[in-house]
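Enquirer: Before anything else, here's the structure in question.
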Amino acid sequence: MKTTHPSRPFSLSLAALLGLATLSANAIEYTTGFETDLGGWSVIKGASYFNWARWTGGTHSGHTGPASAHEGSYYLYLEASRNHPARTAYLQSRDYPGSIQTVSFHYHMYGAHMGELALEGLDGGSWTTLWAATGQQHFSHGASWTRKEINLSGRTIQKIRFKGTTINNQKSSQYRGDMAIDYVLVTTSEPKSPPTALWSKSDAGRDIYYAHGNVGIGDNQPEADLAILGNLSKPLTGHIAVAKGATHVTGVGTRFTGELAAGDSLRIGDSVFIVTGVADDTNLTLDAPHPIGALNATAYTDSDLLSVQTGAEVDALLVDKSGNVGIGTENPAVKLDVAGGIRVGAETVCDAKREGTIRYSDESDEVEFCNGSAWSRVEG
């Protein structure tokens, strides 16, 4: 007979109806698939060295246990041997820094002499049952593993353990009780610790931070792989000079016409201006007077969004601040500017979504374009 023991009284909520667990924004996940080791879990051996074993493929006994792992190649299981009294073994987690919000795992319980599999949590200094299943839950080696998710939000549990107990197998024929678990996912409400700058400039607020796998530039709580707070900038070639209260900027060794255009931002010292006009490589005009002036200074402007160079420092790929893409050129003038040849493949589909697509036809040996419904030859 199959029985399932809930850990707490049943309560109905919208989250329960939708099968969702409410997680905090700072939730952190810990996954264990047992592919290389126990993944931070500890085996607590029972009597006669009865314990959880890492395994691949089917178990030693016939008519019990899974045929393979749920995820990957390995899983953990308990071998239910014959001629033994009831025995118990534990698989215990680490102490998590934050309270556990959810626990999910996959289990397989095929065998006519199946015991009980339970999940327990350390709550207030004592272990309490969070979930349990007794008796055969699956009816073949190849039966799909069952996924179980338990919502522990609102509680203060920071450690859990799996408890496997066999039945009293005193008869020589009672051995079909190999239970197994795989792919355990624990989500905690562990708060993010204040990030530490791995490197920083002298200017306040321009530190580089590393926090939970994310990198932040000027952002000490990066939520993306790379989060940048502020403008990307690059130094102009040469040095500039501007008098106090003046809008006219002169340069020495500068290349204003190649590096700037009207409307670009320009930082001189701690002040940021808009370029209103570029006369030549050494003269330009700002939109406002410089408050203190500058002499032999380096000016900064918006950088390219992406630049990939070869070992010879030649631009292989560049995306400038206006969104133009250059391949083999550092000054793309249009959305795609290629210095060199372009190879076009033999596309086959032409529809409204691909209107304007260009292809090279192997059949006609001509360049063709898609007009939204059919391929047409490009007229020379």
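The values are calculated or read from the model by the stated rules, or taken from the named source; none is laboratory data. Owing to the predicted nature of the structure, the values given are computational and were not obtained by experimental measurement. Cβ atoms come from the backbone with ideal geometry, glycine included; neighbour counts cover every protein chain shown.
Enquirer: Identify the residue in segment 77-99 that is in a loop (DSSP other than H, G, I, E, B) and in contact with a Phe, Trp or Tyr (Cβ under 7 Å, 6 or more places away or on another chain) and, among all such residues, is farthest from Ala53 (Cα to Cα).
Expert: Applying the first criterion (in a loop (DSSP other than H, G, I, E, B)) to segment 77-99 yields 79-83, 85-87, 93-99.
Still in the running and in contact with a Phe, Trp or Tyr (Cβ under 7 Å, 6 or more places away or on another chain): 80-82, 87, 93.
Working: Ala80: 12, Ser81: 14, Arg82: 17, Arg87: 15, Ser93: 15 Å.
Result: Arg82.
Enquirer: Something else about it: So, in segment 278-308, of the ones that are among the aliphatic types (A, V, I, L, M) and outside any strand (DSSP E or B), which residue ends up modelled with the highest pLDDT? Break it down stepwise before answering.
Expert: Applying the first criterion (among the aliphatic types (A, V, I, L, M)) to segment 278-308 yields 278-279, 284, 286, 288, 292, 294-295, 297, 299, 305-306, 308.
If we keep only those that are outside any strand (DSSP E or B) too, we end up with 288, 292, 305.
Working: Ala288: 93, Ile292: 89, Leu305: 59.
Among residues in segment 278-308 that are among the aliphatic types (A, V, I, L, M) and outside any strand (DSSP E or B), the one modelled with the highest pLDDT is Ala288.
Enquirer: Within segment 15-32, is even one residue at pLDDT below 90, closer than 29 Å to Gly142 by Cα, surrounded by fewer than 19 Cβ atoms within 10 Å (Cβ to Cβ) and of a type in the set (Gly, Ala, Ser)?
Expert: Taking every residue of segment 15-32 in turn, at least one turns out to be at pLDDT below 90, closer than 29 Å to Gly142 by Cα, surrounded by fewer than 19 Cβ atoms within 10 Å (Cβ to Cβ) and of a type in the set (Gly, Ala, Ser).
Enquirer: Next up: Given the structure, is Gly311 surrounded by fewer than 14 Cβ atoms within 10 Å (Cβ to Cβ), under 30 Å from Ile327 (Cα atoms) and either modelled with pLDDT of 90 or more or outside the structural domain of Val215 (by TED's automatic domain parsing) (or both)?
Expert: Working: surrounded by fewer than 14 Cβ atoms within 10 Å (Cβ to Cβ): yes; under 30 Å from Ile327 (Cα atoms): yes; either modelled with pLDDT of 90 or more or outside the structural domain of Val215 (by TED's automatic domain parsing) (or both): yes.
When the stated conditions are applied, Gly311 passes them.
Okay, residues lined up against (1) part of a strand (DSSP E or B); (2) modelled with pLDDT of 90 or more; (3) more than 22 Å from Thr187 (Cβ to Cβ); (4) not assigned by TED's automatic domain parsing to the domain that holds Ile157:
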position	(1), (2), (3), (4)
Asn51	no, no, yes, no
Gly62	no, no, yes, no
Ala67	no, yes, yes, no
Tyr75	yes, yes, no, no
Gln101	yes, yes, no, no
Phe105	yes, yes, no, no
Ala118	yes, yes, no, no
Gln136	no, yes, yes, no
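Enquirer: Out of all the residues in segment 176-203, which are modelled with pLDDT under 75 and more than 26 Å from Ser99 (Cα to Cα)?
Expert: Ala197, Leu198, Trp199, Ser200, Lys201, Ser202, Asp203
Enquirer: Mind checking whether some residue in segment 138-154 is aromatic (Phe, Trp, Tyr), assigned to a loop (DSSP other than H, G, I, E, B) and either in the same structural domain as Thr56 (by TED's automatic domain parsing) or modelled with pLDDT of 95 or more (or both)?
Expert: Yes, the conditions are met somewhere in segment 138-154.
Enquirer: Regarding Asn324, is this residue in contact with an Asp or Glu (Cβ under 7 Å, 6 or more places away or on another chain), within 30 Å of Gly258 (Cβ to Cβ), not aromatic (Phe, Trp, Tyr) and not assigned by TED's automatic domain parsing to the domain that holds Glu259?
Expert: Numbers: in contact with an Asp or Glu (Cβ under 7 Å, 6 or more places away or on another chain): yes; within 30 Å of Gly258 (Cβ to Cβ): yes; not aromatic (Phe, Trp, Tyr): yes; not assigned by TED's automatic domain parsing to the domain that holds Glu259: yes.
Yes: the conditions hold for Asn324.
Enquirer: Which of the residues spanning segment 67-95 are under 22 Å from Glu35 (Cα atoms) and polar (S, T, N, Q)?
Expert: Filtering segment 67-95 for residues under 22 Å from Glu35 (Cα atoms) gives 67-79, 89-95.
Of everything in segment 67-95, those that are under 22 Å from Glu35 (Cα atoms) and polar (S, T, N, Q) turn out to be Ser68, Ser73, Gln92, Ser93.
Enquirer: Moving to a separate point now. How many residues does segment 106-132 contain that are farther than 20 Å from Phe34 by Cβ and either touching a residue at least 24 places away in the same chain (Cβ under 8 Å) or aliphatic (A, V, I, L, M) (or both)?
Expert: 15
Enquirer: Is at least one residue of segment 342-360 surrounded by 10 or more Cβ atoms within 10 Å (Cβ to Cβ), closer than 30 Å to Glu259 by Cβ and modelled with pLDDT of 85 or more?
Expert: Within segment 342-360, none of the residues are surrounded by 10 or more Cβ atoms within 10 Å (Cβ to Cβ), closer than 30 Å to Glu259 by Cβ and modelled with pLDDT of 85 or more.
Enquirer: Okay, moving on. Of all the residues that make up segment 248-287, how many are exposed (fewer than 15 other Cβ atoms within 10 Å of the Cβ), under 17 Å from Asn331 (Cα atoms) and touching a Gly at 6+ places or on another chain (Cβ under 9 Å)?
Expert: 2
Enquirer: Would you mind stating whether Ser42 is at pLDDT below 85, not β-branched (Val, Ile, Thr) and not assigned by TED's automatic domain parsing to the domain that holds Ala224? Even if it seems obvious, please write down each step before you answer.
Expert: On the way: at pLDDT below 85: no; not β-branched (Val, Ile, Thr): yes; not assigned by TED's automatic domain parsing to the domain that holds Ala224: yes.
Answer is no for this residue.
Enquirer: Checking Ser173 against (1) at pLDDT below 85; (2) surrounded by 12 or more Cβ atoms within 10 Å (Cβ to Cβ), which test does it fail?
Expert: Looking at each condition in turn, Ser173 falls short on (2).
Enquirer: Which of the strands (runs of 3 or more DSSP E) found entirely inside segment 204-270 contain at least 3 residues meeting this: on the phi > 0 side of the Ramachandran plot and modelled with pLDDT under 85? Before you say what the answer is, go through the steps one by one.
Expert: On the way: elements: 207-211, 214-217, 226-228, 233-235, 239-242, 248-252, 265-268.
Of the strands (runs of 3 or more DSSP E) lying wholly inside segment 204-270, none has at least 3 residues that are on the phi > 0 side of the Ramachandran plot and modelled with pLDDT under 85.
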